[in-house]
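Structure record follows, encoded as structure tokens.
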Amino acid sequence: MASLLDRKKTAAQVVALARSDEKIAASALLKGIFTDFTELHGDQEGADDSAIIGGLAYLAEQPVTVIATNKGQTTEEKMQTHFGCPEPAGYRKALRLAKQAAKFNRPVICLVNTAGAYPGKSAEENGQGEAIARNLLELSTLPTPIISIIYGEGGSGGALALACGDRIWMLENSTYSVLSPEGFAAILWKDSSRAAEAAEVLQLTPEKLLQQKVIEGIIPESHSQRRLCRAIRKVIIAEMEQLQRLKPAELLEQRHLRFRKF
Amino acid sequence: MQLFDELKTLGQKHIKADKKASQKVPSGLWQACPKCHQSFYYKDLGQYKTCPNCHYGFRITARERLGWLTDHFEEMDSDLATTDPLNFPNYGKKLEKARHLTKLNDSVLTGKALINEQPVMLGIMDPYFIMGSLGTITGEKLTRLFEKALKEKLPVILCTASGGARMQEGIFSLMQMAKVSAAVKRHADAGLLYIAVLTDPTTGGVTASFAMQADITLAEPRALIGFAGKRVIEQTTFQRIPDDLQDAESVQHHGFVDQIVPREDLKEKLAWLLKFHQVKEVTHG
Ligand SMILES: [Zn+2]
């Protein structure tokens, strides 16, 4: 955590870094943290959303299910994933895979970097609200450990739907908030140019969120992606070990209390 | 008709559905329907405040809905007050105004009710309390409602009305979505009934949590039901979206609303559903 204390960043700076093009991509995280990732597509209800990548992998020789939001890297991918904003099908795929994980008694690891659930006509028609609501409902009692890492933007309900489990860690340069600073400034002050100020008021930095017990910890970022992946890997393995020691009823009671306190 | 008892300015002829409609309870002799845009003499809207032309249910306070929905009501948790977790500028003043306007401590009224003599835990959100937004106290009252229902083995009826998360409470507002959802799940897992009644407007984080988690989802005619705001969708997608995209009727067409129930019929419909789900004592031979 040295880098956090060395030089204090403003909330607006953290927002900029969280959204930066330099931010590690989902594909690099999947490769860097896990072994033998193999992708599983589709929500089995008629669609496959590329803004959420799901699949199977090994972590420290243990089978896990991985669910990652994906902003894409090429222009085409970015358009396809709506810059990492999932459609209802993405949340339904995530839930399908999480339930499958529970069936086979393996932990679920969510890697989250999204400005939020996609706001579009088709998303509304396909039940964006219902899809997120179902994840919140079902994941609250899914009897297997769920660990989330917010690695860039954690935007509102669209992020919460993948961060409602047992442990949430954030990278040093990431944010988690009820809405974007621009949206917040526009709604409350009718002035989206006050986004920097809004970022402060929103208390969306990992430091603030740790103080408020919204998250369990902060992972320092380094310029080396390999070192970053190693750090994330270490956190996930340690959390998995702790959570797997609990009986299912204890795990679920802890998860319940984790959110009941707010 | 209590709202109109306070009517002082008889000179007012037309009250247009303006942008600030959400912040004040409409009063005046004439009311324009925000959906079909026809104007009506207030008495024509009747006891239920519905549009005689298109059946849209006008936004009403929780206490007004309570008046015709229940036969008996014991309120819960009316003493809870938000701690203003972000120390948000002017939030205190806003709350004070909302409390005065709605006679509520926060955006939902909760308690134990009788509907046609059947006991139920009832929550009614108030669109006039900071747009019915989901604050920490809203979430706490709803969570306690489901917890009490679980303890007493009672069904829950929840009338939703909300602009979504309470911006002034930041991340704590977001956490309420998970907190209430967990309470809904525990109630559901005990085999108990939850009926949601989606009223105008039900949007954002409320749609993305407890509004869409019921066993049976009813909606009032032409109520706005959606996740993202219309303006946000248009600005993000550069697409004009049809006016009725988020009308209850469209949402039903896409499969997310069980039945649209005009306000006049709501009490009887709920009573029927409660009776239908009544646990019968099974006698073993
Ligand atoms: Zn009308």
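The values are calculated or read from the model by the stated rules, or taken from the named source; none is laboratory data. Since the structure is predicted, the reported quantities are computational estimates derived from the model, not experimental observations. Note: ideal-geometry Cβ built from the backbone for every residue, glycine included; neighbour counts use all protein chains shown. Protein only, heavy atoms only, side chains kept; ligands, DNA and RNA dropped before computing areas. Shrake-Rupley method; radii C 1.70, N 1.55, O 1.52, S 1.80 Å.
A few points about this structure:
- In the protein assembly as shown, Rg over Rh equals 0.98, where Rg is the alpha-carbon radius of gyration and Rh the Kirkwood radius from pairwise Cα distances.
- Phi-derived couplings, Karplus 6.51 cos²θ - 1.76 cosθ + 1.60 at θ = phi - 60°, listed residue by residue for region B:227-234: 9, 8, x, 4, 5, 4, 4, 5 Hz, with x used for Gly and Pro.
- Computed packing ranks the peptides B:36-43, B:103-110 as B:103-110, B:36-43, most packed first, by mean other Cβ atoms within 10 Å.
- When you count the other C-beta atoms within 10 angstrom of each residue and take the mean per peptide, A:112-124, B:159-171 line up highest first as B:159-171, A:112-124.
- For region B:60-284, the fraction of alpha-carbon pairs in successive 5 Å shells from zero, as %: 1, 7, 15, 19, 20, 17, 10, 6, 3, 1, 0, 0, 0
- Virtual spin-label span in nm between A:T74 and A:Q244, 7 Å along Cα→Cβ: 3.8
- For region B:181-188, 3J(HN,Hα) per residue [Karplus equation, 6.51 cos²θ - 1.76 cosθ + 1.60, θ = phi - 60°, Hz, x = Gly/Pro]: 4, 5, 5, 4, 5, 5, 5, 5
- At full extension, B:C36 and B:L80 could sit 11.9 nm farther apart than now, given 0.36 nm per residue minus the alpha carbon distance.
- Loop chymotrypsin sites (Phe, Trp or Tyr not before Pro), region A:63-141 (other Cβ atoms within 10 Å of the site Cβ: 15 or fewer; DSSP): A:F104
- Partner lysines for A:K78 [C-alpha distance under 18 Å; skip if fewer than 8 residues away on the same chain]: A:K23
- Ranked from largest to smallest solvent-accessible area, with a 1.4 Å probe on the protein heavy atoms, A:K208, A:K31 come out as A:K31, A:K208.
- Taking all Cα pairs closer than 8 Å and separated by 6 or more residues, the relative contact order of chain B comes to 14 percent.
- For the peptide A:105-117, the mean number of other protein chain Cβ atoms found within 10 angstrom of a residue's Cβ is 1.
- Peptide B:211-220 is shielded by partner chain Cβ atoms: per residue, an average of 2 of them sit within 10 Å of its Cβ.
- For the residue pairs A:K9/A:K31; B:K112/B:K141; A:K9/A:K71, alpha carbon separations beyond 23 Å are given by A:K9/A:K31; A:K9/A:K71.
- Shielding by partners - mean other protein chain Cβ count within 10 Å, residues of B:223-231: 5
- Cα long-axis angle, helix B:263-276 against chain B (0 to 90 degrees, to the nearest 10): 10
- Highest-MSF residue in chain A out of A:I236, A:I24, A:I187 [GNM, Cα springs under 10 Å]: A:I187
- By the Cβ-Cβ criterion of under 4.7 Å, the unpaired cysteines of chain B are B:C159.
- Alpha carbon convex hull of region B:172-285, projected area averaged over orientations, nm²: 9.4
- Loop sites in region B:194-253: trypsin sites (Lys or Arg not before Pro), DSSP, at most 13 other Cβ within 10 Å: B:R240
- Hypothetical label at A:A60: residues of region A:221-262 whose amide nitrogen lies under 14 Å (7 Å Cα-Cβ projection): A:230-246
- Other residues within the sphere of radius under 12 Å centred on the Cβ of B:L193, judged by their own Cβ, net out at +1 (K and R +1, D and E -1).
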